[in-house]
Amino acid sequence: MNEVLEQLERATAAVGDALARTDLDAPSELPGWSRLTVACHLRFGAETLLRMTDDALAGRPASYYPGGRHRQRPGTLVSRPGETPAAVVESLLQASAALHHRWRAVTDWSLEVREPADNPDLGTVPLRRLLLSRLTEVEVHGTDLGVGLGPWSDVLVRHALPMRLEWLDARRSNHRAVDESMRRRWLLVATDVPVRQLVEVDGPLLRSTPVAADATPEVDDTVTGTGAELLALLLGRAPAPFAPADFNRALPGP
């Protein structure tokens, strides 16, 4: 996971530099989010992933939102009382540096991160998934700022695309309503990375399984694109001409 962590450090530095040079009150490319909202969100992510890592290493249950997602999340998207926008950026960089320092010392990325039974959110995941999720968050929200960052790195695409395909069923069931009337099958085919994945939606159920190169499953649609385009599709950021409308209805983003 060294190359993922090294790319995370580069991406975080680029985001921090961009935030320091931009108008933080300006809108980002996410509806309803300013660039300051993005900075606050990224700061909370760094702080909470450090805490979750420490909990996992100590054998304790770890929760992304200890106070519960719906109750706690709104407060993580705004500045703290009396805090200036510049202070938000500075604390984001400090929290990120502390997180990266802790992760450099990790020797077992397969270590399970377990949630409290009464506060489910991410499910039980290996520690490496937190690292990949953080790289995804930093690079994707970096482009969301609308300040010219990107494109997404090859490191992100190569590591995060398989992880997102594996995690589709869990992420679809978390946090948002979906159209449970759908019955669809898509074959996702990457042109530049070894990915051929069958995604099947059957009402509330979803299956995501690899498909051999010589297999021809019966599907409703085949979506072919680069690894970056397929990752954008899974993250709800693919342009309309590329993304089938029914796919976005079935899987509305991360």
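For the stretch 207-254, what are the residues that are farther than 20 Å from residue 192 by Cβ, surrounded by 13 or more Cβ atoms within 10 Å (Cβ to Cβ) and aliphatic (A, V, I, L, M)?
Result: 219, 250, 251.
Which fully enclosed helices (runs of 4 or more DSSP H) of the stretch 9-108 have 2 or more residues being in contact (Cβ under 8 Å) with a residue 40 or more places away in the chain and within 30 Å of residue 123 (Cβ to Cβ)?
Per the criteria, 35-57, 85-104.
Looking at 108, 118 in this structure, which one is in the same structural domain as residue 17 (by TED's automatic domain parsing), surrounded by fewer than 19 Cβ atoms within 10 Å (Cβ to Cβ) and modelled with pLDDT of 95 or more?
Only one candidate passes the filter, namely 108.
Select from the stretch 165-195 the residues that are assigned to a helix (DSSP H, G or I) and not hydroxyl-bearing (Ser, Thr, Tyr) and write down the one among them that is modelled with the highest pLDDT.
Checking each candidate, the answer is 165.
For residue 126, only one of the following conditions fails: (1) within 17 Å of the chain's Cα centre (by Cα); (2) in contact (Cβ under 8 Å) with a residue 24 or more places away in the chain. What is its number?
Residue 126 satisfies every listed condition except (2).
Can we say residue 63 is of a type in the set (Gly, Ala, Ser) and either at pLDDT 95 or above or in the same structural domain as residue 239 (by TED's automatic domain parsing) (or both)?
So residue 63 does not fit the description; no.
Output the residues belonging to the stretch 143-166 that are surrounded by fewer than 23 Cβ atoms within 10 Å (Cβ to Cβ), touching a residue at least 24 places away in the same chain (Cβ under 8 Å) and either over 25 Å from residue 199 (Cβ atoms) or out of contact with any Leu (no Cβ under 9 Å at 6 or more places or on another chain) (or both).
146, 147, 148, 149, 151, 158, 162, 166
Name, by its number, the condition in (1) in contact with a helix residue (DSSP H, G or I) (Cβ under 9 Å, 6 or more places away or on another chain); (2) within 19 Å of residue 131 (Cβ to Cβ) that does not hold for residue 19.
(2)
Would you call residue 205 under 21 Å from the mean Cα position of the chain (by Cα) and either under 23 Å from residue 156 (Cβ atoms) or not β-branched (Val, Ile, Thr) (or both)?
No: the conditions fail for residue 205.
Please determine, by comparing only the residues of the stretch 211-231 that are in a loop (DSSP other than H, G, I, E, B) and in contact (Cβ under 8 Å) with a residue 24 or more places away in the chain, which one is nearest to the chain's Cα centre (by Cα).
That would be 226.
Consider the stretch 9-23. How many of its residues are among the β-branched types (Val, Ile, Thr) and more than 21 Å from the chain's Cα centre (by Cα)?
Residues meeting the conditions: 1.
The values are calculated or read from the model by the stated rules, or taken from the named source; none is laboratory data. Since this is a predicted model, take the numbers as computed values, not measurements. As a convention, Cβ positions derive from the backbone with ideal geometry for all residues, glycine included, and neighbour counts pool all protein chains shown.
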